[in-house]
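Chemist: What follows is a single structure, and I will ask about it in a moment.
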There are 2 protein chains.
Amino acid sequence: MEKMKLKMLYADIKSDIEIIENELEQALNSSSHILNNASIYLLQGGGKRIRPVFVLLSAKFGDYNIERMKNIAVPLELIHMGSLVHDDVIDDSDMRRGRETVKSQYNNRVAMYTGNFIFGKALQYVTDIEDPRVHRILAETMVELVNGEVIQIEDKFRLDQHLKDYFRRIKRKTALLIESSCELGAVVSGADEKTIRHLKRYGYFVGMSFQIVDDILDFTATDKQLGKPAGSDLLQGNVTLPILLMKDDPMLAPYLEKVASHGLTEQERLEMLALVRKSTAIKEATKISNLYLQKALREVEALPNHPMKKKLRDIALYMGKRKS
Amino acid sequence: MEKMKLKMLYADIKSDIEIIENELEQALNSSSHILNNASIYLLQGGGKRIRPVFVLLSAKFGDYNIERMKNIAVPLELIHMGSLVHDDVIDDSDMRRGRETVKSQYNNRVAMYTGNFIFGKALQYVTDIEDPRVHRILAETMVELVNGEVIQIEDKFRLDQHLKDYFRRIKRKTALLIESSCELGAVVSGADEKTIRHLKRYGYFVGMSFQIVDDILDFTATDKQLGKPAGSDLLQGNVTLPILLMKDDPMLAPYLEKVASHGLTEQERLEMLALVRKSTAIKEATKISNLYLQKALREVEALPNHPMKKKLRDIALYMGKRKS
């Protein structure tokens, strides 16, 4: 049902998203057997393609041309895919979206080079765009994405961190790439400066809200919905918003200590989940996500009149309220 | 003495190479403690900076301006540095140039992200260049570099490979980046099409010769000269030209089998080295390297008259004849 809802939201750009999907397949075609297998595997894994969706919807505010837009929508999705492959190396993840990761199917080295190959292909796509603003935004986004991933390593298992450390992380990990998708969709389609600015900020706020919801769902959704054990973030040492909001809870303390020292047993994981789920932290985290959502909606209001405004609103609400 | 010779060759562009060195330091400055440490460590490791040297020498054939040239010389060296860090993950190398590698000092994950960070910084530098040819050449080079690294994984420990597999590997691993350095130096300085073409081919041939010499030295130089145990390439499963030229030697066969199964003891490594050193393979490999060198020199002859022609010749000869 969730999936149907998303499809309805995509309806206007459905055929263009299919063009992007085909381009992604072509982009990941390689003469290397290993790279090909890893890439096909990644493509079959699917994903919501939300970055291309934001590119295309934002481009509707300018001079929309799918042939031109695909040269920016494809690399943004590729950067996202490449960073997921590298993330699985960092997090030592064996499962993502209910399937084995590339790192788990092959090994760290193959995962590293599959990521590199995908990044390289992303670069090739944008070479056809001459506007130096595009290259500047993309390069900056990639550097900050990597910075975010390194900060994530540095912050792992650190319980003495503040909310601002968390926000700094998710900004780089998620919000920036969605921000850049909206901004670049507008830039490449030739939208005016004011429209670019509002779409960029819309993307940033939606991205923050999206990642907070993701971090909440990691505790509240079922293993089946997540395609991996609930609580995986914490088990991997990633201290997310719900935990930061209740880290002084004396009931939680023994579990946090165990996570950092030798990990949780299955029984302890379930106890920890029950504790987090019944705490006020989930409600508080949802409130913070909603604040970002409201900010995103305010940016939509500031945009010039356009039928796509409703879509941007609906997608933000969908992403902010989703249950899986 | 070798080092002094190289310095003499660099004399004309000495102060400009120092500018590049400073820029590299600034480029690798990061707010992350781990990234900073890894980067400083890499910079201190030195290296010959041959890619920037080729960029600058090639640029002398156009309208030379160090401020503009550094925007292409710096990213080319950064791409080289980033790929070395990732290579050490692939090869599981603990030593390079007589020092511990980033991978060994930290771990695979940090090495992966240090590489990513360096690649990202490289991209930031070129955003100031508007010529789309530059972005196209760089993106193509990066994709082929990654392809080469994956081929290297696929070809590891494979004794049924042909010379063309080896040439395909070293082209992507080494020659392409030197080719691109020469080509981009010429393109960015606005040299004419014919000059660009000859410099590009010069770079390719020098690169091939350079890597073959490197692969020979891995057997013929001392551990001290190499900064790692001689024969490391083979021990890591990289089948290089000297081995390909003598792989049917019945004396060598037992060592090759052991390399692929459970590795060589120290005693066996020394026996294997002695065998390779006294074989005709080293001489034959040197002959092949010299053929590439001759081709490089012919490209220099075809260039318009310029005092830098002698430098290009000298550097090619230096790289093709070096002893460490």
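Chemist: Quick one: A:Arg277, B:Arg172, A:Arg68, fewest Cβ neighbours within 10 Å first, how do they rank? Kindly include the intermediate steps, with their values, before the conclusion.
Modeler: On the way: A:Arg277 13, B:Arg172 21, A:Arg68 16.
Lowest to highest Cβ neighbour count: A:Arg277, A:Arg68, B:Arg172.
Chemist: Mind checking the mean number of beta-carbon atoms from other chains within 10 Å of the Cβ atoms in B:114-123?
Modeler: On the way: counts 2, 4, 14, 7, 2, 7, 10, 4, 2, 10.
Mean partner shielding for this stretch: 6.
Chemist: Kindly express, to the nearest 10 degrees and within the range 0 to 90, the angle between helix A:14-27's C-alpha long axis and the longest C-alpha principal axis of chain A.
Modeler: Between the helix axis and the principal axis of chain A, the angle is about 80 degrees.
Chemist: Continuing with the same structure: On C-alpha positions alone, give me the angle between the axis of helix B:281-301 and the longest principal axis of chain B, in degrees, nearest 10.
Modeler: Result, in degrees: 10.
Chemist: For B:Gly190, list long-range residues whose amide hydrogen, built 1.01 Å from N in the peptide plane, is under 5 Å from its own amide hydrogen.
Modeler: Excluding prolines and chain starts, which carry no amide H, the hits are B:Asp63.
Chemist: Ok, one more. For every helix of n ≥ 4 consecutive DSSP H residues, a contribution of -39,500 (n - 2.57) applies; sum these over the protein assembly as shown, divide by its total residues, and give [θ] at 222 nm rounded to the nearest 500 deg cm²/dmol. Write down the numbers at each step before the final one.
Modeler: Values: 36 runs with 473 residues, N = 648.
After summing the helix terms and dividing by residue count, I get -23000 deg cm²/dmol.
Chemist: Please give the average number of partner chain Cβ atoms lying within 10 Å of the Cβ of each residue in A:149-161, rounded to a whole number. Kindly include the intermediate steps, with their values, before the conclusion.
Modeler: Details: counts 6, 13, 4, 1, 8, 5, 0, 0, 0, 0, 0, 0, 0.
For this peptide, the per-residue mean of nearby foreign Cβ atoms is 3.
Chemist: Still on this structure: Using label points projected 7 Å from each Cα along Cα→Cβ, tell me how many nm separate A:Lys48 and A:Lys7, to one decimal.
Modeler: About 1.7 nm separates the two model spin labels.
Chemist: Give me the net charge for the shell around A:Glu67: Cβ to Cβ below 13 angstrom, other residues only, Lys and Arg +1, Asp and Glu -1.
Modeler: On the way: positive: A:Arg68, A:Lys70; negative: A:Asp16, A:Glu23, A:Asp63, A:Asp128.
It works out to a net charge of -2.
Chemist: Say each of A:Thr280 and B:Met251 gets a label point 7 Å from the Cα, pointing the same way as Cα to Cβ; how far apart are those two points in nm?
Modeler: 8.2 nm
Chemist: How large are Rg and Dmax for the stretch A:1-84 when calculated on the C-alpha trace, in angstrom?
Modeler: 13.4, 41
Chemist: In percent, what relative contact order does chain A have, based on Cα pairs under 8 Å that are 6 or more apart in sequence?
Modeler: Details: 437 pairs, mean separation 64.7, N = 324.
Value for chain A: 20 percent.
Chemist: Could you put A:Asp88, A:Asp249 in order, starting from the residue whose Cβ has the fewest other Cβ atoms within 10 Å? Could the numbers behind the result be given before it?
Modeler: Details: A:Asp88 21, A:Asp249 16.
Ranked by crowding around the Cβ, least crowded first: A:Asp249, A:Asp88.
Chemist: Over the protein assembly as shown, what portion of Cα pair distances is larger than 31 Å, expressed as a whole percent? Before the final figure, lay out the partial values.
Modeler: On the way: 116802 of 209628 pairs.
Looking at the protein assembly as shown, the distances longer than 31 Å represent 56 percent of pairs.
Chemist: Give me A:Val239, A:Val110 sorted ascending by neighbouring Cβ count inside 10 Å, so fewest comes first. Present the calculation step by step, with values, prior to reporting the outcome.
Modeler: Numbers: A:Val239 25, A:Val110 22.
Going from sparsest to densest Cβ surroundings: A:Val110, A:Val239.
Chemist: If you put a point 7 Å past Cα along the Cβ direction, how far is that point for A:His262 from the same point in each other copy, in nm, smallest first?
Modeler: 3.3
Chemist: Ok, one more. Using modelled backbone amide H atoms (1.01 Å from N, in-plane), which distant-in-sequence or interchain residues come within less than 5 Å of B:Gly231's amide H?
Modeler: B:Phe219
Chemist: Taking A:Pro250 in one copy and the same position in all the others, each labelled 7 Å out along Cα→Cβ, what are the pairwise distances from the first, in nm, shortest first?
Modeler: From this label point to the equivalent ones elsewhere in the assembly: 8.2 nm.
Chemist: With an 8 Å cut-off on Cα pairs and a minimum separation of 6 or more residues, tell me the relative contact order of the stretch B:224-316 in percent. Walk me through the intermediate numbers first.
Modeler: Working: 44 pairs, mean separation 23.8, N = 93.
Normalised by residue count, the contact order of the stretch B:224-316 is 26 percent.
Chemist: Next up: Limiting things to C-alpha atoms, what are the Rg and the maximum Cα-Cα separation (Dmax) for chain B, in angstroms?
Modeler: Rg and Dmax of chain B, Cα atoms, are 19.5, 57 Å.
Chemist: Something else about it: Any number yet on Rg/Rh for the stretch B:185-294, C-alpha, Kirkwood? Could the numbers behind the result be given before it?
Modeler: On the way: Rg = 17.6 Å, Rh = 15.5 Å.
Rg/Rh for the stretch B:185-294 comes to 1.13.
Chemist: Further question: Between the helical axis of B:33-44 and the dominant principal axis of chain B, each derived from Cα atoms, what acute angle in degrees is found, rounded to the nearest 10?
Modeler: Value to nearest ten degrees: 90.
Chemist: For B:Leu163, place a label point 7 Å out from Cα along the Cα→Cβ vector, do the same in each other copy, and report the separations in nm, one decimal, smallest first.
Modeler: 6.9
Chemist: Is there a simple number for the mean count of other chain Cβ atoms within 10 Å of the Cβ of residues in A:125-134, and what is it?
Modeler: On the way: counts 1, 4, 9, 3, 2, 4, 1, 7, 1, 1.
The per-residue average across the peptide is 3.
Chemist: What nm value, rounded to one decimal, do you get for the distance between B:Gln26 and A:Lys164 when each label is placed 7 Å out toward the C-beta?
Modeler: 2.8 nm
All of the numbers you see were taken from the coordinates with simple rules; none came from a lab. Everything numeric in this text was worked out from a predicted model, so none of it was measured. Methodologically, a virtual Cβ is constructed for each residue, glycine included, from the backbone with ideal geometry; neighbour enumeration extends over all protein chains shown.
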